[in-house]
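In what follows, a single structure is set out as structure tokens and then discussed.
The values are calculated or read from the model by the stated rules, or taken from the named source; none is laboratory data. It should be emphasised that the depicted structure is a prediction, and the values quoted were computed from it without experimental measurement. No Cβ is skipped: glycine too gets one built from the backbone with ideal geometry, and neighbour counts run over all protein chains shown.
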Amino acid sequence: MQNLIDEELQDLIPPLSQDEYATLERSILAEGCREPLILWRGKIVDGHHRFKICTAHSLPYKTVDKDFLDRAAAKVWMIDNQNGRRNLSDGWKYELRQAKKALLAEKGKANISSNRGGTTTLSTIDKEAGHDTRAELAADLGWSTGKVAMADKVWKHADKNTIEKIKADEISINQAYKDIKKTENKQQRLEREKQTVQTSANIQPIIKKLDAIESIKQIDDVDLLITDPPYFTDGDFTLHIRAALLKVKTTGQAYVFAGAYPDELAAYLNLETGHMRLEQILIWNYNNTGQRQPNTCYTGNYQVCLYYRGADAPQINKPADGTHQYACQTVNAPDARIGDRFHKWQKPLELLNRLIKNSSNENDLVFDPFAGSGSVLISAAALGRRAIGSEIDEDAVRVCIMRGCICEN
């Protein structure tokens, strides 16, 4: 059987959906292939799906030859033909239009014309006519220039899988654009954080890929412990916290975040803490996380922070803004929608900055054995404190490094 397929030309033909293909197949089986396949130099430029169906069922088909000046002219004709005959997805519309734009850019400003004998040629080439602008592309597609700009960015930065999903109408150009912008925003925030850490006090925080208990054993006595251990929904880590509190100097202070669950609070309230005294239970309140409404209790929009002081701890460094010393601190949680959130229980830098300023001084040693995405370490280093933390999760350690931490094992 004659090979009528040119793969380069076939790639310009958007695939039919399953329903569209099935409808075409039923029609051809019932009535035959009524429309001829259009060929250029023995290769199909229109009728790929009809050819596939006829070949699969050994059905006859007719062909008509069309003459083009060259392959570029044949491709332009195919693109225009598809745009005129098919209900294409936005992804295919954009990709075909960009393919046409590239072809015309190679050949100059071109017009397609047909004579009475059915010969189609790339007849006019005017390299001085200028190039296709975004406005012209938008008008051709029936889109706004903003949508064209979004598509330009998506096709430049998205991976092949995302592009194929857009062409298949599984995701929109707008959604893909939002995903790219979110990734860019997160990367920009990471770079800003890293720059802040590197320039604020010339101190880089240290992250160690260690189990919390092992890092607690290795650490020297610390001036300030700030940590956010897993909550009781993931296990009881109170003994880890007891060991960490024993590493705080008698002149030191500590903040331990905990979930607002009765059994968890009871366990911490009954924990033996050695020379560290539980001074107060602080509240971190956040109002920017959407949660479903429970049926038997109130929506949880706060966590507790247990504040400990050593026997010889100095007074709090009273902030100029007295609200930063309130026992209830209202600060929005890091928001994944704007690229601030790297860990599900990540604490906001604004909150950590307040605690670190209130309870430590420059060059003091700040320790976090449950470092997560490194927020405590980043905040402490940016404020001129030495910061050491540990984390066992490899993905979290990578985030710490991206945010400006040095990894030491």
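Output the residue which, of all residues in the range 301-330 that are in a loop (DSSP other than H, G, I, E, B) and among the small types (Gly, Ala, Ser), is surrounded by the most Cβ atoms within 10 Å (Cβ to Cβ).
First, pick out the residues of the range 301-330 that are in a loop (DSSP other than H, G, I, E, B): 301, 310-321, 326-327.
Filter once more, so that each one left must be among the small types (Gly, Ala, Ser): 310-311, 313, 320, 327.
Values: 310: 19, 311: 11, 313: 21, 320: 5, 327: 10.
Per the criteria, the residue is 313.
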Residue under evaluation residue 63, criteria (1) more than 29 Å from residue 168 (Cβ to Cβ); (2) surrounded by 13 or more Cβ atoms within 10 Å (Cβ to Cβ); (3) at pLDDT below 90, criterion not met | (3)
Being crowded, with 18+ Cβ neighbours inside 10 Å and under 36 Å from the mean Cα position of the chain (by Cα) narrows it down to one of 44, 53, 13, so name that one.
-> 13
Picking from 310, 404, the residue that is touching a Lys or Arg at 6+ places or on another chain (Cβ under 8 Å) and closer than 16 Å to residue 205 by Cα would be 404
Filter the range 374-391 for residues that are over 10 Å from residue 207 (Cα atoms) and not in a helix (DSSP H, G or I); which is nearest to the chain's Cα centre (by Cα)?
-> 383
Selection from the range 371-387 of residues that are among the aliphatic types (A, V, I, L, M) and either free of Cβ contacts under 8 Å to residues at least 12 places away in the same chain or farther than 22 Å from residue 246 by Cβ (or both) = 378, 381, 382, 383
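Residues that are surrounded by 21 or more Cβ atoms within 10 Å (Cβ to Cβ) and modelled with pLDDT of 95 or more, at least 2 per element: which strands (runs of 3 or more DSSP E) completely within the range 210-300 meet that? Break it down stepwise before answering.
Values: elements: 222-227, 248-258, 277-285.
Per the criteria, 222-227, 248-258.
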Any chance residue 246 is under 25 Å from residue 325 (Cβ atoms) and not basic (Lys, Arg) | no
Note down all Cβ pairs under 8 Å where the first residue falls in the range 352-370 and is on the phi > 0 side of the Ramachandran plot, the second is surrounded by 16 or more Cβ atoms within 10 Å (Cβ to Cβ) and not charged (D, E, K, R), and they're at least six residues apart or on different chains.
-> 363/384
Filter the range 4-63 for residues that are of a type in the set (A, V, I, L, M, F, W, C), part of a helix (DSSP H, G or I), touching a strand residue (DSSP E or B) at 6+ places or on another chain (Cβ under 9 Å) and within 22 Å of residue 91 (Cβ to Cβ) and give the result.
-> 9
When residue 350 is run through (1) in contact with a helix residue (DSSP H, G or I) (Cβ under 8 Å, 6 or more places away or on another chain); (2) part of a helix (DSSP H, G or I); (3) of a type outside the set (Val, Ile, Thr), the failure sits at (1)
Under 6 Å by Cβ, and 6 or more places apart or on different chains, what pairs join a residue from the range 388-409 that is under 21 Å from residue 244 (Cα atoms) with one that is of a type in the set (Asp, Glu) and in a loop (DSSP other than H, G, I, E, B)?
-> 392/211; 397/391
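What do you reckon, is residue 320 without any contact (Cβ under 8 Å) to a residue 12 or more places away in the chain and farther than 17 Å from residue 205 by Cβ? I'd like the intermediate steps shown before the answer.
Working: without any contact (Cβ under 8 Å) to a residue 12 or more places away in the chain: yes; farther than 17 Å from residue 205 by Cβ: yes.
Considered against the rule, which asks whether it is without any contact (Cβ under 8 Å) to a residue 12 or more places away in the chain and farther than 17 Å from residue 205 by Cβ, residue 320 comes out as yes.
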Residues in the range 350-368: is at least one small (Gly, Ala, Ser), outside the structural domain of residue 181 (by TED's automatic domain parsing), crowded, with 16+ Cβ neighbours inside 10 Å and in contact with a Leu (Cβ under 7 Å, 6 or more places away or on another chain)?
-> yes
